[in-house]
Amino acid sequence: MTTLLLVRHGLTALTGPVLAGWTPALSLDDRGRAQARAVGERLAGLPLAAVVSSPLDRCLQTAEAIAAAHADPVEKIEVDERFGEVRYGDWTGRPLKELAEEPLWRVVQAHPSAARFPGEDGESLAAAQHRAVAAVRDWNARIAAEHGPHAAYLVCSHGDIIKAIVADALGLHLDQFQRIEAAPASLTVIRYTELRPFLVRLNDTGGNVDNLLPPPPDDQGGDSGAPRGGEGDAAVGGGA
């Protein structure tokens, strides 16, 4: 039973009004740096087998702040390009207000599984989900093999990527992923078991994380396979 902690990067100067995508050298702003530190402080006491990041600066800076705040030294941040943002092609860097007038916008909102972004490097949302979910499967197997069945690891990624991973965990068609929210610096937690994933937290922007600690063994020395209960399992919504 491997636990995945998904953290969206903190705010940047472009977060919100512009589709940043793979814009190079886009750093966290003062708000984003404060958010990253706050997430790091919240998670400082949780044992993490690995901290993994998208290769984009805003995610790396968020992951570095989380690692720096951790009670146990995190030797290095692993970079996995499969957790990088959707490649929006010619839409990259354009204002969302302008993009909302494009015919493709309605497809992205209502039928995202059919959406492919324009341009030579444009990617489909289905392909982005496939690479991100494949990365999760690979990391789950690696973490369980190296650190045992109750290990947790953290991935710092992007809003659409996190939403796509959550949709897969819930067994939702990609066309439903726009119903999910992942605010800047939010925490989403999924526990993967042999039978099914459990969505433990979604778009969590504050609160206690004690229920994410590894569960104690049962009387037989194993674990029931069910997620730990308690009020902390409730999803906490809210934007940033």
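The values are calculated or read from the model by the stated rules, or taken from the named source; none is laboratory data. Source: prediction; values computed, not measured. So basically every Cβ, Gly included, is an ideal-geometry build from the backbone, and we count neighbours across all protein chains shown. The protein model used for the area step is the full one, side chains on, heavy atoms only, and it has no ligands, DNA or RNA in it. Shrake-Rupley method; radii C 1.70, N 1.55, O 1.52, S 1.80 Å.
If R0 equals 35 Å, the separation of the Cβ atoms of Ala134 and Ala13 corresponds to a calculated FRET efficiency of about 0.65. The listed residues His70, His150, once ranked by accessible area (1.4 Å probe) with the largest placed first, stand as His150, His70. Largest first, the extents of the alpha carbon coordinates of the chain on the three principal axes equal 60, 37, 31 Å. Computed over protein heavy atoms with a 1.4 Å probe, the carbon and sulfur contribution to the accessible area of the chain reaches 52%. With the simple spin-label model, which puts each label point 7 Å out from Cα in the Cβ direction, the Glu120 to Ala71 separation comes to 5.1 nm. Residue ranges 151-160, 79-88 sort as 151-160, 79-88 when ordered by packing (mean number of other C-beta atoms within 10 Å per residue, highest first).
Accessible surface computed residue by residue for the chain, with neighbouring protein chains in place and a 1.4 Å probe, gives 46 Å² per residue.
Principal-axis analysis of the Cα atoms of the chain puts helix 159-169 at an angle of about 50° to the longest axis. When peptides 187-196, 119-128 are ranked by their average number of other Cβ atoms within 10 Å per residue, the highest-first order is 187-196, 119-128. Taking R0 as 25 Å, what's the FRET efficiency between Glu81 and Glu194 from their Cβ-Cβ distance, rounded to 0.05? E between Glu81 and Glu194, to the nearest 0.05, is 0.30.
On the principal axes of its alpha carbon atoms, region 79-203 extends 49, 26, 25 Å, with the longest extent given first. Placing a pseudo-label 7 Å from each Cα along the Cα-to-Cβ vector at Asp210 and Ala110 gives an inter-label distance of 4.9 nm. Placing +1 on the Cβ of every Lys and Arg and -1 on the Cβ of every Asp and Glu, with no other charges, gives the chain a dipole of roughly 320 debye about its Cα centre. Shown is the FRET efficiency for Glu101 and Ala25, computed with R0 = 35 Å from the Cβ-Cβ distance and rounded to the nearest 0.05: 0.80. Taking amide H positions as modeled 1.01 Å from N, with prolines and chain starts lacking one, the residues under 5 Å from Val200 and 5 or more places away or on another chain are Val189, Ile190, Arg191. Remark on Cys156: its backbone amide H falls under 5 Å from those of Val7, Val52, Ser53, Ser54, a criterion applied only to residues 5 or more positions apart or on other chains, H modelled at 1.01 Å from N. Each residue of region 27-35 was assigned a 3J(HN,Hα) from its phi angle through the Karplus curve 6.51 cos²θ - 1.76 cosθ + 1.60 (θ = phi - 60°); the sequence is 9, 5, 8, 4, 5, x, 5, 5, 5 Hz, with glycine and proline shown as x. 3J(HN,Hα) couplings calculated from phi for region 130-139 with the Karplus curve 6.51 cos²θ - 1.76 cosθ + 1.60 (θ = phi - 60°) are, in sequence order, 4, 5, 5, 5, 4, 5, 4, 4, 5, 5 Hz; Gly and Pro show x.
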